[in-house]
1. What is the number of the single condition among (1) over 16 Å from the mean Cα position of the chain (by Cα); (2) modelled with pLDDT of 95 or more; (3) within 14 Å of the ligand (Cβ to nearest atom); (4) over 19 Å from Leu29 (Cα atoms) that Ile219 does not meet?
2. Before we move on, is Val74 modelled with pLDDT of 95 or more, touching a helix residue (DSSP H, G or I) at 6+ places or on another chain (Cβ under 6 Å) and closer than 22 Å to Ile181 by Cα?
3. Condition first: away from the ligand (no atom under 13 Å from the Cβ) and assigned to a helix (DSSP H, G or I). Now tell me which residues in the stretch 202-216 satisfy that.
4. Among Ile138, Ile199, which is the only one that is without any contact (Cβ under 8 Å) to a residue 60 or more places away in the chain and either within 30 Å of Arg116 (Cβ to Cβ) or within 16 Å of the ligand (Cβ to nearest atom) (or both)?
5. Quick test for you: out of Ala191, Ala229, Ala174, Ala150, pick the one residue that is touching a helix residue (DSSP H, G or I) at 6+ places or on another chain (Cβ under 6 Å), assigned to a helix (DSSP H, G or I), in contact (Cβ under 8 Å) with a residue 24 or more places away in the chain and within 13 Å of the ligand (Cβ to nearest atom).
6. Yes or no: Leu119 within 29 Å of Arg198 (Cα to Cα), touching a Lys or Arg at 6+ places or on another chain (Cβ under 8 Å) and assigned to a strand (DSSP E or B)?
7. Which condition does Ala155 not pass, out of (1) under 18 Å from Val214 (Cα atoms); (2) exposed (fewer than 13 other Cβ atoms within 10 Å of the Cβ), if it passes all the others?
Amino acid sequence: MTAEEARNKIIFALDVHGLDDIDRWADTLAGKVGMFKVGKELFTSCGPAAVKAVQRHGGQVFLDLKYHDIPNTVASAMLEAARLGVVLANLHALGGAEMMETCVAAVHKEFNDAERPRLLAVTILTSSTAHTLRQVGIEHSVQDMVVRLARLAKASGMDGVVASPLEIGLIREACGPDFLIVTPGVRPSFAALDDQKRIMTPTEAISAGADYLVVGRPIAKAANPVQAAELIAAEILDGAA
Ligand code: C5P
């Protein structure tokens, strides 16, 4: 892996509120990270302008809105995401095979392979436990559900999943080498844990098989964010060695 390929594996979580913050981070981290994650909070406050602001600085966008609705609605929303030119977008696999297949079909019909976003599924949120799954009538373990939903996502034509570092190995084994795995909950060796509990370092997550790492506070809260991103890229390179 080259140094540039290592940088491109970092997705910076734009956990900010306003367009000014986006401009500042997209400018500071241009060329230092591969992508910027726009989530529900930022999208609800700024809308598509958040995506366009990143793109104006030459940045690529992971639109993390985790759609979950009837098939037609999710497919229409995903098409709008694709039209915004985002590179990654996601939905909840718990919405089911028909929802995912309808979405995949809609995006593949309008966009060729080079231009379309890669479509990711969230399996089971890492905030869920066996107890919270039982509360909603799911009697299986979190791990069984993660693997089951990752397989269903793949069979439905999805390109990959968002997964906790501890699930990377299981999903790689179940879904093969070409299925994308995007992993938050990574903490470089120099950074504080914040509220992340089940973490891996970038080196560990990459060597376990992650394709992209979502990193927020270890960069955002660093005294020198550019240097932090560079250190993370170096840790990624170590993981690929
Ligand atoms: O600041 P930090 O590196 O913890 O940010 C990680 C980003 O990934 C945040 O936007 C967070 O919402 C998201 N995320 C996570 N853990 C998950 C899923 C998403 O930290 N299981």
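1. Only one criterion in (1) over 16 Å from the mean Cα position of the chain (by Cα); (2) modelled with pLDDT of 95 or more; (3) within 14 Å of the ligand (Cβ to nearest atom); (4) over 19 Å from Leu29 (Cα atoms) is unmet by Ile219, namely (4).
2. When the stated conditions are applied, Val74 passes them.
3. Correct list: Thr203, Glu204, Ile206, Ser207, Ala208.
4. Going through Ile138, Ile199 in turn, just one is without any contact (Cβ under 8 Å) to a residue 60 or more places away in the chain and either within 30 Å of Arg116 (Cβ to Cβ) or within 16 Å of the ligand (Cβ to nearest atom) (or both): Ile199.
5. Criteria check complete, one pass: Ala229.
6. When the stated conditions are applied, Leu119 does not pass them.
7. Against the list (1) under 18 Å from Val214 (Cα atoms); (2) exposed (fewer than 13 other Cβ atoms within 10 Å of the Cβ), Ala155 comes up short only on (1).
The values are calculated or read from the model by the stated rules, or taken from the named source; none is laboratory data. In this text the structure is predicted, and so the values were computed from the model without any measurement. Here Cβ is always computed from backbone atoms with ideal geometry, including for glycine, and neighbour counts include all displayed protein chains.
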